[in-house]
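Here is the structure we will look at, set down as structure tokens.
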Amino acid sequence: MFEAQNAQSPLMGEDLAADLGYFIRLHESQAPQAPDHSAAKWDQRADAWEGDPNSQERTKNDDRVRDAVQYLTERGVLTPESAVADIGCGPGRFAAAFGKIARSVTGFDISERMVHYGREIAREAGLNNVDFRVCDFQNLDIEKEGLARQFDLVYCSLTPAVHGNNGLEKMMSLSRGYCCYITHIYGENQLERRIMQEVFGRDWKTRWTGRWFYSQFNVLYLSGYYPEASYYRRHRAHRFRPGPQYVEHFLEYILGPADRSQENAARIAAWLAANTEEDGMLEEVSDTWYGRILWDVREKTERTIYTRG
């Protein structure tokens, strides 16, 4: 669907083909310090996030869930008649929120433990219209599973399940209406900056991950769709009690794979212990920008020759 050779028709022209090819390559690129996205790692995260009643992860994303529901309902794409797919649904908090409005919701996730918690959240909320499937979305056979064009809205947020053109094509093949893709664009975390500077003596570069956002927008636009871009900012200050899961988080998100050693984990743990307040808590302040792309898979035209002005 998005292969560069598809842009080689006489109508499209060399300039457009070159631009599309560039954004396809950019969209396929991988971050050099990408975290581990294996099923085992997500199982581990699920138990750390949801198994611990004191985990900040249980509540810290409530504002993101509320924003997603408000945005999608205001745009008229999340309605009582909607069949919704949530790809990379994690512990199902978005799926459960959608289920309170939509006719049906299906969550897809690679982690059995994430799906376990998703089912528990849906059950506790009394939602009989929310279902979950354990699968590797990148390898899921949409046609064989009878899932092609079965959903009015296909949603994914901050997930590696939809990456590159394979993931984007699979996402769109599920939809008979809309797709919504949400990703990080920019993040500033004061605690991560302090750890990098005070523990490792290095300057902390502000995290900017916008290339997937603008590359996907341009792949869609140059392929004939009409993606809408919007943005959401979250400022968050919270206090937490440092534990092993936080050591692992900082180890994974501020250091490259070669530096993710037990020795460096111990250094981070020692710093956290030394900087806690009298009650054993530590404050974390962060600012994060998210980008949203919304498009209708039914609205597509062939892009024709254009010249750069």
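The values are calculated or read from the model by the stated rules, or taken from the named source; none is laboratory data. Computed from a predicted structure; not experimentally measured. Heads up, the Cβs are rebuilt from the backbone with ideal geometry, glycines too, and the neighbour counts pull from every protein chain shown.
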Discussion item. What pairs come out if I take residues in the stretch 255-282 that are more than 11 Å from Val199 (Cα to Cα) and pair them with residues that are among the aromatic types (Phe, Trp, Tyr) whose C-beta lies under 7 Å away, six or more apart or interchain?
Written reply: Met281/Phe240; Leu282/Phe240
Fill in: Condition check for Leu294: at pLDDT 90 or above and under 21 Å from Gln197 (Cα atoms)
no
Response to the item:
How many residues of the stretch 229-247 are farther than 24 Å from Val199 by Cα and either within 16 Å of the chain's Cα centre (by Cα) or outside any strand (DSSP E or B) (or both)? The answer is 6
Item to complete: Report whether or not Leu191 is farther than 16 Å from Ser286 by Cβ, buried (at least 18 other Cβ atoms within 10 Å of the Cβ) and among the aliphatic types (A, V, I, L, M).
Response: no
Discussion item. Return the residues of the stretch 200-230 that are closer than 13 Å to Trp295 by Cα, of a type outside the set (Gly, Ala, Ser), touching an Asp or Glu at 6+ places or on another chain (Cβ under 8 Å) and surrounded by fewer than 16 Cβ atoms within 10 Å (Cβ to Cβ); say none if nothing qualifies.
Written reply: Tyr226
Item to complete: Please specify each residue of the stretch 189-213 satisfying the condition of being farther than 27 Å from Tyr226 by Cα, assigned to a helix (DSSP H, G or I) and among the hydrophobic types (A, V, I, L, M, F, W, C).
Response: Leu191, Ile195, Met196, Val199, Phe200
Worksheet item: When the stretch 72-101 is examined, which residues are found to be assigned to a helix (DSSP H, G or I) and either among the small types (Gly, Ala, Ser) or in contact with a Lys or Arg (Cβ under 7 Å, 6 or more places away or on another chain) (or both)?
Response: Ala95, Ala96, Ala97, Gly99
Response to the item:
Of (1) in a strand (DSSP E or B); (2) at pLDDT 95 or above; (3) aromatic (Phe, Trp, Tyr); (4) within 30 Å of His235 (Cβ to Cβ), Tyr186 fails just (2)
Worksheet item: Does any residue of the stretch 276-283 turn out to be under 25 Å from Gly187 (Cα atoms), assigned to a strand (DSSP E or B) and not aliphatic (A, V, I, L, M)?
Response: yes
Discussion item. Being under 30 Å from Glu284 (Cα atoms), over 16 Å from the mean Cα position of the chain (by Cα), modelled with pLDDT of 90 or more and in a helix (DSSP H, G or I): is that true of Glu169 here?
Written reply: no
Discussion item. Going residue by residue through the stretch 248-255, is there one that turns out to be assigned to a helix (DSSP H, G or I), at pLDDT below 90 and acidic (Asp, Glu)?
Written reply: yes
Worksheet item: Here is a list of conditions, (1) surrounded by 14 or more Cβ atoms within 10 Å (Cβ to Cβ); (2) without any contact (Cβ under 8 Å) to a residue 60 or more places away in the chain, and Arg233 meets all of them except one; can you say which number that is?
Response: (1)
